[in-house]
Amino acid sequence: MSAISAAPSDALRRKLAGLFPAAAAMAYPFLLQAFHSVVAQPASAVRLALAVALLVLAFAMPLSGLAFACWQVRGPHLLQSDLRARRLAYASIAAPPLFVFVGVAPGLVGLHVQEAALWIGLWALAGLYGWSGRGLLAPAQTSQPSGTWRVAHGAAAAVIACFVLFHLTNHLSGLAGPAVHAATMKTGRTVYRAAAVEPVLVLLLLFQVASGLRLAWRWSGLRNDAFRIFQIGSGAYLAAFILTHLNSALISARTVHKIETDWAWASGAPAGLIQDAWNIRLLPHYALGVFFIAGHLSSGLRVVMLAHGVRAPIADRIWFAGLALGTLVSATIVCALCGVRF
């Protein structure tokens with residue numbers, strides 16, 4: 001390894017800046033807690049504005065990981081500390097599903113610990129990982145991840161997308177009421193909960209997580225453009241989202257507590273997503289999950305289009321259209337979960 005490629009003061013500045021994603025992730029649950037404290041009070045124009053501001057900040061915290069990854073890659077040199085800071089930024093994007101996981105998993109294994117202390121401790125360790133990176137040049141990586149892994153990941157995504165599209169359509173049907181949602185879900189479950197289908201679907205989801213993390217780890221060591229950074233970041237979020245959803249629905253609800261994972265379960269009935277101190281974490285969890293599903297699929301489609309000779313401006317416009325569609329679907333599903341009906 002070569003000598004330090006930046007002045008000591010600049011290296012310290014970069015290491016301190018690299019702690020921002022961990023600090024943002026630490027703040028995330030406290031912003032949600034503050035939002036709930038505001039909405040629990042009698043309504044007023046000032047409280048409404050404050051609640052909106054707090055919720056926007058809560059959404060901005062994980063999204064700031066994307067911004068940090070884009071900013072951090074501009075440096076003239078890639079140090080070990082820079083690489084760790086970049087990977088920490090990608091991990092911080094997954095704060096919403098990870099916070100849901102922290103709220104469910106410890107109880108399943110009999111671990112009774114204060115949630116805030118556990119959350120801060122985990123991100124303190126993550127920050128320590130970033131801080132411990134030395135100010136030496138990171139090993140140069142010039143080759144892309146294996147084509148075999150990319151093809152396998154994409155093929156699995158194509159199969160999973162069929163289930164995901166139905167799942168999203170099912171949630172959109174909630175706009176017509178829980179009864180319509182239940183009827184649509186009952187039809188779909190005859191397929192995806194069939195004895196020969198559900199284990200395969202779960203294995204595909206787990207493979208998608210494992211292969212996606214492997215690819216993300218490799219891609220994160222390269223100098224990427226904003227499109228690739230978004231693809232890596234959205235993949236990190238979806239990996240945490242899939243594992244959290246499997247843990248909440250398949251293990252906690254269905255296996256341990258024998259709870260029907262219906263509309264009431266998804267919408268946090270009877271308290272709802274907004275008014276309950278615990279359930280509020282599900283709002284950004286769901287909203288960003290739907291958005292990143294659309295964004296990640298659009299990112300993969302863009303790569304395929306470019307590989308097949310589609311001009312970059314056209315591929316980019318389709319990518320942006322996918323993000324816009326994801327935003328619309330995400331907002332619609334969240335509105336339905338919060339009680340909006342046609």
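Quick rundown of the values:
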| quantity | calculated |
| --- | --- |
| Pair list, Cβ under 7 Å, 6 or more apart: segment 99-111 residue in contact (Cβ under 8 Å) with a residue 60 or more places away in the chain and under 23 Å from residue 59 (Cα atoms), other residue assigned to a helix (DSSP H, G or I) and β-branched (Val, Ile, Thr) | 100/244; 101/244 |
| Residue in segment 102-118 that is open to solvent by 50 Å² or more (accessible area, probe 1.4 Å), in a helix (DSSP H, G or I) and acidic (Asp, Glu) present | yes |
| Residues satisfying the stated conditions in segment 170-179, i.e. part of a helix (DSSP H, G or I), of a type in the set (Gly, Ala, Ser) and surrounded by 13 or more Cβ atoms within 10 Å (Cβ to Cβ) | 173, 174, 176 |
| Those residues of segment 254-294 which are assigned to a loop (DSSP other than H, G, I, E, B) and on the phi < 0 side of the Ramachandran plot, in sequence order | 257, 259, 260, 261, 262, 267, 269, 270, 271, 276, 277, 278 |
| Counted residues, segment 302-323 - those being part of a helix (DSSP H, G or I) and touching a helix residue (DSSP H, G or I) at 6+ places or on another chain (Cβ under 9 Å) | 15 |
| Unmet criterion (only one of (1) small (Gly, Ala, Ser); (2) over 29 Å from residue 233 (Cα atoms); (3) touching a residue at least 40 places away in the same chain (Cβ under 8 Å)) for residue 188 | (3) |
| One residue from 336, 277, 294 being surrounded by 22 or more Cβ atoms within 10 Å (Cβ to Cβ) and in contact (Cβ under 8 Å) with a residue 60 or more places away in the chain | 336 |
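Residue-by-condition table, conditions (1) assigned to a helix (DSSP H, G or I); (2) surrounded by 13 or more Cβ atoms within 10 Å (Cβ to Cβ); (3) among the β-branched types (Val, Ile, Thr):
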| position | (1), (2), (3) |
| --- | --- |
| 152 | yes, yes, no |
| 158 | yes, no, no |
| 161 | yes, yes, no |
| 166 | yes, yes, no |
| 181 | yes, yes, no |
| 187 | yes, no, yes |
| 199 | yes, no, no |
| 208 | yes, yes, no |
| 211 | yes, yes, no |
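The values are calculated or read from the model by the stated rules, or taken from the named source; none is laboratory data. This is a predicted model, so every value here is computed, not measured. In this analysis, Cβ positions are derived from the backbone assuming ideal geometry, glycine residues included, and neighbour counts consider all displayed protein chains. Note: accessible area is taken over every heavy atom of the protein model, side chains too, but ligands, DNA and RNA are not part of it. Shrake-Rupley method; radii C 1.70, N 1.55, O 1.52, S 1.80 Å.
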